[in-house]
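**Student:** This is the structure I have questions about; it appears just below.
The values are calculated or read from the model by the stated rules, or taken from the named source; none is laboratory data. Predicted model, so just to flag it, every value in this text is computed and none were measured. Cβ coordinates were reconstructed from backbone atoms using ideal geometry, including for glycine residues, and neighbour counts include every protein chain displayed.
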Amino acid sequence: MMAPRYIRITLSELVVEASGENLATASFSQAYQSDTYSDEVRKSLTWGRVGESWKILAEATLPD
């Protein structure tokens, strides 16, 4: 499979909710477009503090 010539990702409707000092959830709409494929989905990322950094712990595609 050939790699696309370009990829464009646009996020909108971003909402971040903290669950204490070390956990947060970000939900948003993601529009993906390339020269070979496009789609639009709702996503949720769960973030956790690991030492001094924030890491993605889980990613989910949400129903429309």
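**Student:** Would you be able to tell me the number of residues in region 26-57 that are over 10 Å from the mean Cα position of the chain (by Cα) and either within 30 Å of Met2 (Cα to Cα) or part of a strand (DSSP E or B) (or both)?
**Tutor:** 18
**Student:** Answer yes or no as to whether Ser38 is touching a strand residue (DSSP E or B) at 6+ places or on another chain (Cβ under 7 Å) and polar (S, T, N, Q). If you could, list the steps in order and put the result at the bottom.
**Tutor:** Working: touching a strand residue (DSSP E or B) at 6+ places or on another chain (Cβ under 7 Å): yes; polar (S, T, N, Q): yes.
Yes, satisfied.
**Student:** Leu62 fails exactly one of the following numbered conditions: (1) within 12 Å of the chain's Cα centre (by Cα); (2) at pLDDT 95 or above; (3) within 29 Å of Tyr6 (Cβ to Cβ). What is the number of that condition?
**Tutor:** (2)
**Student:** Can you tell me which residue in region 1-27 is modelled with the lowest pLDDT, limited to those that are more than 19 Å from Ala60 (Cβ to Cβ) and loosely packed, with under 10 Cβ neighbours inside 10 Å?
**Tutor:** First pass over region 1-27, keeping only residues more than 19 Å from Ala60 (Cβ to Cβ): 1-8, 10, 20-22.
With the extra rule that they be loosely packed, with under 10 Cβ neighbours inside 10 Å, the set shrinks to 1-3, 5-6, 20-21.
Numbers: Met1: 70, Met2: 83, Ala3: 90, Arg5: 95, Tyr6: 95, Gly20: 91, Glu21: 93.
Checked region 1-27; the qualifying residue modelled with the lowest pLDDT is Met1.
**Student:** Related question: Give me the pairs: first residue in region 45-62 and among the acidic types (Asp, Glu), second residue surrounded by 11 or more Cβ atoms within 10 Å (Cβ to Cβ), beta-carbon distance under 7 Å, and six or more apart or on different chains, which are they?
**Tutor:** Glu59/Lys43; Glu59/Leu45
**Student:** Considering only region 1-14, state which residues are part of a strand (DSSP E or B) and more than 11 Å from the chain's Cα centre (by Cα).
**Tutor:** First pass over region 1-14, keeping only residues part of a strand (DSSP E or B): 7-14.
Those that are part of a strand (DSSP E or B) and more than 11 Å from the chain's Cα centre (by Cα): Ile7, Arg8, Glu13.
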